[in-house]
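Below is one structure; the comments refer to it alone.
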Amino acid sequence: MRRYTEFTLLCLGVITTGWLHAQQAVPQRAAAYADAPNIPFETVPNFLTLPEGLYLGEGIGVARNIKNHVFVYTRSGESSRLFEFNENGDFIREIGRYLYGFSQAHAVRVDSEDNIWVVDEGTDMVIKFNPEGRVVMLLGRRPEAVQGLYETPRRSDSWPPPAVPYRFGRPTDVAWDSEGNIFVADGYFNSRVVKYDKNGRFIKDIGEERGTQPDQFNTPHSIQVDAQGNVYVADRNNSRIQVYNNDLERIAIYDNIGRPWALCITGGEHPYLYTSNSNPDNNNSALTAVTGEIYKMELDGTVIGKFGEPGKQWGKFGTVHAIDCRDENELLVAEITTWRVQKLILNPEGTP
Amino acid sequence: MSRMPGAMPIGLENLSEVLMKRSFQCLLVVISILCMGSSWAQQVVPDIEFDAVDPLSFPDDVYLGEAVGVATNSDGHIFVYTRSRGVNASLGTNRVFLRSAAQLFEFDENGDYRREIGQGLYGFVFAHTVRVDSEDNIWVVDEGSNMVIKFNPQGQVLMTLGRKPEAIRVPTPHADYQPGSGVGVLGDNFNRPTDVAWDAEGNIFVADGYANSRVAKFDKYGKFIKSWGSRGTEAGQFNTLHSIATDVDGNVYVGDRGNRRIQVFDNEGNFKTQFTHIGAPWAICITPGPHQYLYSSNSNGTASMDNGEIYKMELDGTVLGKFGTAGKLIGEFGSVHEIDCRNENELYVGEITNWRVQKLTLRP
């Protein structure tokens, strides 16, 4: 009798679940997907080699410097760790072991002078290391740890509190213009982009409240600046890239490329913009079925092509969280759910 | 030495510029100054020229975090008590759930790294200050463990004041945590203490602190003598007493940060005077020698770039000059949290937001 009851409940559960699924909007492909040509690419499996006893966790941040050394900021067992590899992917060293500013990794970027910048959403800090790996500048401040454990506040009218110039609320990314001005995407709790001068003095910010209107953000998740100083903000949950001039006045919105998790603008005379419509990191299979591709675009928003799809094998993507595109056809992608960094060779047969 | 509330003119630090640019406001400023009638008002505080360097060098794997504490001993060795490493949390309802958010480092007189003292020490939870006494003992104040710990010059623990709360199951404070009245019980444990000082007899004065609001006096053996103060704005009350120093006569100077004043007490805790014209005293330091000076930092808050200047004063509160401003470059200050003033013109400052110690050479 009891077994029969359990079976009935199970059936009811299955039916209810199916009904709930049917009520949800069926996830759609990004608008640009159908017409964007496929860009052929190959992957370099196991590009990074770690010494015995060291592991990557979630591959959250990846960036290369002028020597093509690879920096990976990863979520690791104790906190977060920053590793440096040489151009062949061989491990060289760890930077900032046990650093006070390391807690929950979010991004690493390398500026034009090979300084290494880390964005940590756990300590609410942006940390600048010189090429030798020493801390030379800090933005934001880790919350003090003296008053005990707090219940995580729920988002409400009164929380999070308004942003202030020199504190972040789970920042996500950093970029610079040719003057050295610093642009911080901030972030999960705050919903703004902040501009500082090269010495870390606040200039201005945009995006007072989280929202869907132009100049509002719903998780600004990645940020890049082009050679003219224009600022590209991946407004992830609004499924758009908002583009600003150097004074943070809006120029354009690109809303046909899905959810932009990671942006990267290439160097060289003809810069391109890569954006990843990554598959979700919560293993939602319905969304995974219609996401996972990376788009290659002109800076004006014209989509040139796309490549990639979700999956755990080499050559597929497990929630791309960062792209390094120092070379137009040689990318590094860092993935969350597959805990790895892949090196991708685009157009291996030569540019079509 | 008190001034009228709200009369601190924005342009005092550059009075001539204000005079030129804003004649009307200038008039108001002049009126305010005349009204104040204090010695402060009659002088434009001179700027003191200074050089700044970051003197410290580290092994590859050693990093400072927030450089909240800095002090030097008689050899010029530099001790830094820093909020560093990852802060590890024990989940559950344990009250004390943090470890390794504090490290004590020693550097030689050239700033070269010598050693770490007290690695993994039970009392190292959340650093606040370090001071070195006249016998080169090293004292740290930890606001996380609620302890004051005395090391001998070799780095061994000689004496402890206060006690770290046991890591037993007690309710954790809530987000709306408010400090208590802060008077404490005579001789009881500290509650987020901030600083320590000694008189010539070796009596110990503890600034206690964020949650308590009192000065506790102990004899040189650590036996409790008395305490004074409670939370409030009256003379003898405190609103976060954040820094403490004594002069050669045994008077006690308390940086009453939240009340934006330095209160001066005699050796028994009787109120003598207060200085209210130097902003919020985050860090105070009294120089040794026959003519003692008092330095006080009106530090920028950790979320701002306002203020940041350090004042040089006579012990009677007369301001002799000021220097510095908030910023991230060498020669600028990121929330100065402690000053070491081994002599009148050679200072070390530890900064919160810049994770840095700077050596300052004043050229008055």
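The values are calculated or read from the model by the stated rules, or taken from the named source; none is laboratory data. For clarity, every value in this text was computed on a predicted model and none was experimentally measured. Positions of Cβ are generated from backbone atoms using ideal geometry, with glycine treated the same way; all protein chains shown enter the neighbour counts. For the accessible areas, the whole protein counts, side chains as well, though only heavy atoms, and no ligand, DNA or RNA atoms are used. Shrake-Rupley method; radii C 1.70, N 1.55, O 1.52, S 1.80 Å.
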Query - Table column - 3J(HN,Hα) (Hz), the stretch A:211-226, Karplus curve with 6.51, -1.76, 1.60, x for Gly and Pro - result: x, 10, 5, x, 6, 9, 10, 10, 6, x, 10, 7, 9, 9, 10, 8
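Tell me the volume per residue, in Å³, of the convex hull enclosing the alpha carbons of the stretch B:249-364.
Working: hull volume 11.1 nm³, N = 116.
Each residue corresponds to 95 Å³ of Cα convex hull volume.
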Query raised in the report: Per the Debye formula with a single identical scatterer at each Cα and no solvent contribution, what log10 I(q)/I(0) holds for the stretch B:253-317 at q = 0.21 Å⁻¹?
Result: -0.83
Query raised in the report: HN-Hα J couplings of the stretch B:250-259 from phi, Karplus 6.51/-1.76/1.60, θ = phi - 60°, integer Hz, Gly and Pro as x?
Result: x, 5, 10, 10, 10, x, 8, 4, x, 8
Report summary line: Reported to the nearest 10 Å², B:THR129 has, with a 1.4 Å probe, an accessible area equal to 0
Query raised in the report: Tell me, what is the FRET efficiency for A:ASN68 and B:GLN119 to the nearest 0.05, using R0 = 51 angstrom and their Cβ-Cβ distance as r?
Result: 0.85
**Report entry** Spacing of the two label points (7 Å from each Cα toward its C-beta) at B:VAL157 and A:THR212, in nm
**Finding:** 5.9
Requested in this report: For the stretch A:230-328, count the residues as N, evaluate 2.2 N^0.38 Å, and divide the Cα radius of gyration by that value, please.
Outcome: 1.07
Report summary line: Excluding residues fewer than 8 positions from A:LYS198 in its own chain, the lysines with Cα under 25 Å of it are A:LYS67, A:LYS128, B:LYS328, B:LYS359
Query - Virtual spin-label span in nm between A:ILE251 and B:ASP249, 7 Å along Cα→Cβ - result: 6.8
Report task. Would you mind computing, in nm to one decimal, how far apart the modelled labels at B:GLU135 and A:ALA31 are, each placed 7 Å from Cα along Cα→Cβ? Result -> 7.9
Query raised in the report: Applying the Karplus parametrisation 6.51 cos²θ - 1.76 cosθ + 1.60 with θ = phi - 60° to the phi angles of the stretch A:78-92, what ³J(HN,Hα) value in whole Hz is obtained for each residue in order, glycine and proline being reported as x?
Result: 7, 8, 9, 9, 10, 10, 10, 10, 7, 5, 8, x, 7, 5, 10
Query raised in the report: For the stretch A:37-346, what's the relative contact order in percent, using C-alpha pairs closer than 8 Å and at least 6 residues apart?
Result: 15
Report summary line: Once A:TRP314, B:TRP282 are ranked on solvent-accessible area with the largest value leading and a 1.4 Å probe, the list reads A:TRP314, B:TRP282
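At 0.36 nm per residue, minus the direct Cα-Cα distance, what do A:ALA227 and A:ASN130 gain on full extension? Give it in nm, one decimal, please. Let's see the in-between values first.
On the way: separation 97, 0.36 × 97 = 34.92 nm, distance 2.24 nm.
Here the segment from A:ALA227 to A:ASN130 would lengthen by 32.7 nm.
Tell me, what does the Kirkwood hydrodynamic radius of chain A come to in angstroms if you use every pair of distinct C-alpha atoms? Don't skip to the end; give the middle numbers.
Working: mean 1/r = 0.0476 Å⁻¹.
One over the average 1/r among Cα pairs gives 21.0 Å for chain A.
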Report task. With a bin width of 10 angstrom, please list the P(r) values of the stretch A:43-119 as percents of all Cα-Cα pairs, from the 0 bin to the one holding the largest distance. Result -> 20, 56, 23, 1
